[in-house]
Amino acid sequence: MSDSSSAAPSPAQMAQQPRPKTPIEVTGAQSLVLSLEAMDVDTVFGIPGGAILPAYDPLLDSVKVRHILVRHEQGAGHAAEGYAAASGKVGVCMATSGPGATNLVTAIADAHMDSVPIVAITGQVNSSSIGSDAFQEADIRGITMPITKHNYLVTNAADIPRVIAEAFHIASTGRPGPVLVDISKDALQARTTFSWPPRIELPGYRPVLRPHSKQIREAAKLIAAAKQPILYVGGGVIRSRASEELRRFVELTQIPVVTTLMARGALPDSHPLHLGMPGMHGSVPAVTGLQKADLIICVGARFDDRVTGQLSTFAPDALVIHADIDPAEISKNRKADVPIVGDAKAVLADLAEAVDNDMEAGHGGDYDAWRTRTAGWKDMFPLGWSEPEEGQAPLSPQYVIERLGAIAGPDAVYAAGVGQHQMWAAQFISYERPNAWLNSGGAGTMGYAVPAAMGAKVAQPDRVVWAIDGDGCFQMTNQELATCTINDIPIKVAVINNSSLGMVRQWQTLFYNERYSNTDLHTSADGERVPDFVKLADAYGAVGLRCERPEDVDDVIRKAMEINDRPVVIDFVVHRDAMVWPMVPAGVSNDLIQVAKDTAPQWDREESSAPDGNGDEGAGPVREAIEQSEDADHSGPSADQTTTTAGK
């Protein structure tokens, strides 16, 4: 055994010294930890296991990297996402081989769909055993190849610094996304040398950041010629930190704006030109603005099916300017008349300059009539809800979420699960800044909210962080409450408890003749509480509260806001028949948007009457609506669709 004087320095000792320009002898595991420190990583979410265990020994010595022991690897992945989405930095998660690595797959896929920069580090069996079906072996590189931006299998310890540096560069540049680094156990155990910075070798990876000036000029011409333009803003504006450039462009051009589910907060909801969120559950002004536009200026969005509805009928009279940093997205779903490849921040800045020059030359567009018309839609069709009927639980979920947003305020961070509560949180909380709204938009991952909120709170400890979850989603990852309690991460959780898989139940109500097959969760209806969320919170060392009456909502939320030394869970028992409106049934035209069941706008009378205070049944001009009798994911209208009476 060698004496201590010849032993390699620990990460703690290395942290006190300048980064080594000349190589020092370390193990592969030490090289990994030193590389993470060199990348200024301050937090890793993970769970140790056999193949990754060599990395956990030097991690114990690190004075820069905090490891947070989660209760499930999926929680580690979503926590890394929440950390990244709230801070703009790269999130990091770690797991062992086999089932540890495969448990990360959902979070990796989620990050890929939503362009979230994370690096997932996994252990792998010894290189000599790869391909032999060894204990806890899984080809995680092959499994994740379609859902990562890039991935690595490292079997040589000398490659670790370079691979880590490349992984962080790839994850955070261009269109952000997840990168997997799979390291064999023998590479972690082997002796190697470490020096920093390594030489990065990425031939062919050259993301285009600056847009081509010719495309900017062509876009400016279309903007000047348009009469009914609209800005369709996606999550790319958030990821590129381009909110200020967006605001300047909007105020220069005075063009109405819609922000997608992934772009909530990119432009303040309070801005007079903001029409709301488009899509299946978007606002009437946003959905209709896109449909009736003669020019769509799309920045950092991808014309996904939840926004376009039936693609062949989407915005039939509109020309399209499509700007995206990922050229693969341009014209993928809707043909672009002017394609622009570039970073959203640079695109918006250059477009603003070009349009400003045109305006100074007297060639600016005239959108006064269009602005007046879209503003009228905002007045005519505000978001709202119907109060519960007699015999139902008296608490409306929309009211709960609206009050939560009002009391917690715009400086808080809100992370939502997936389903009705996600849509209500997107609709009824006012988002005034970027990175305040975190959700699983593309993958629609139940169980996202609690671990994502945990990651966001670690990234921004001085902000209030709320997880808004459904009773179904909450049961998928609520074990991370233990992680929060033990690690002093005082998130707050609002469980919107309708005793159901709420969105599925809504579809069953609308499209399956109220046949509620396997959607009852028994968490509040008819006095059942399986589980009792208040008792569950207490078991995890959190504070558990329950609210069942509208008059108690504000007091319960304020009580939760006062508790900052541990997690808080509020069980909001709401009525189970509340629905998300407006709604465009999947596979049909956005022209068939409904503001309530069987109730749709009647545009030939759109200026004739104003809505009532709820913006729901009976609100404003309505017409007969098409009822879709098929599954909400049906590819098109079914043959047996029938016309029903509005307000029936």
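The values are calculated or read from the model by the stated rules, or taken from the named source; none is laboratory data. No experiment lies behind these values; they were computed from the predicted model shown. Neighbour counts are summed over all protein chains in view; Cβ atoms, including those assigned to glycine, are modelled from backbone coordinates with ideal geometry. The accessibility values were calculated without ligands, DNA or RNA, using every heavy atom of the protein model including side chains. Shrake-Rupley method; radii C 1.70, N 1.55, O 1.52, S 1.80 Å.
All C-alpha pair distances within the chain, sorted into 10 Å bins from zero, spread as 3, 16, 24, 24, 19, 10, 3, 1, 0 percent across the bins. Each peptide in 304-312, 474-482, 199-207 was scored by the mean count of other Cβ atoms within 10 Å over its residues; highest first, the order is 474-482, 304-312, 199-207. A 18 angstrom limit on the alpha carbon distance is what I want to check against. Which of Lys492/Lys559; Lys64/Lys89; Lys149/Lys457; Lys292/Lys345; Lys89/Lys457 exceed it? Result: Lys149/Lys457; Lys292/Lys345 exceed 18 Å.
Subtracting the Cα-Cα distance of Ser331 and Ile563 from their residue separation scaled by 0.36 nm leaves 78.6 nm.
Reported to the nearest whole Å, the Cα centre-to-centre distance from the stretch 230-274 to the stretch 306-381 is 11.
Per residue, the accessible area of the chain comes to 39 Å², computed with a 1.4 Å probe over protein heavy atoms only.
A full extension of the chain between Asp552 and His212 corresponds to an added length of 116.8 nm, given 0.36 nm per residue minus the alpha carbon distance. A simple spin-label model places pseudo-atoms 7 Å from Cα toward Cβ; at Leu53 and Glu25 they are separated by 2.5 nm. Only one residue of Pro582, Ile164, Cys473 has its Cα farthest out toward the positive end of the dipole of the chain, where Lys and Arg carry +1 and Asp and Glu -1 on Cβ, and that residue is Ile164. Figure legend: label point modelled 7 angstrom from the Cα of Leu202 along Cα→Cβ; residues of the stretch 135-155 with amide N under 14 Å from it are 149-152. Taking the Kirkwood radius as Rh and the Cα radius of gyration as Rg, the stretch 32-154 has a ratio of Rg/Rh equal to 0.94. Sorted on the mean count of surrounding Cβ atoms within 10 Å across their residues, most packed first, peptides 127-138, 234-245, 529-540, 216-227 read 234-245, 216-227, 529-540, 127-138. Scaled against 2.2 N^0.38 Å for its residue count N, the alpha carbon radius of gyration of the stretch 314-466 is 1.38. Taking one quarter of the surface of the convex hull spanned by the alpha-carbon atoms of the stretch 358-398 gives a direction-averaged projected area of 4.8 nm². Proximity of backbone amide H atoms, modeled 1.01 Å from N, is registered between Thr43 and Arg66 at under 5 Å, excluding neighbours fewer than 5 places apart on the same chain. Per residue, what volume in Å³ does the convex hull of the Cα atoms of the stretch 65-128 enclose? Once divided by residue count, the hull of the stretch 65-128 is 92 Å³. Taking packing as the residue-averaged number of other Cβ atoms within 10 angstrom, the listed peptides 289-300, 380-391 run from highest to lowest as 289-300, 380-391. Each distinct pair of alpha carbons in the stretch 388-455 adds a 1/r term; the inverse of their mean, the Kirkwood radius, is 12.8 Å.
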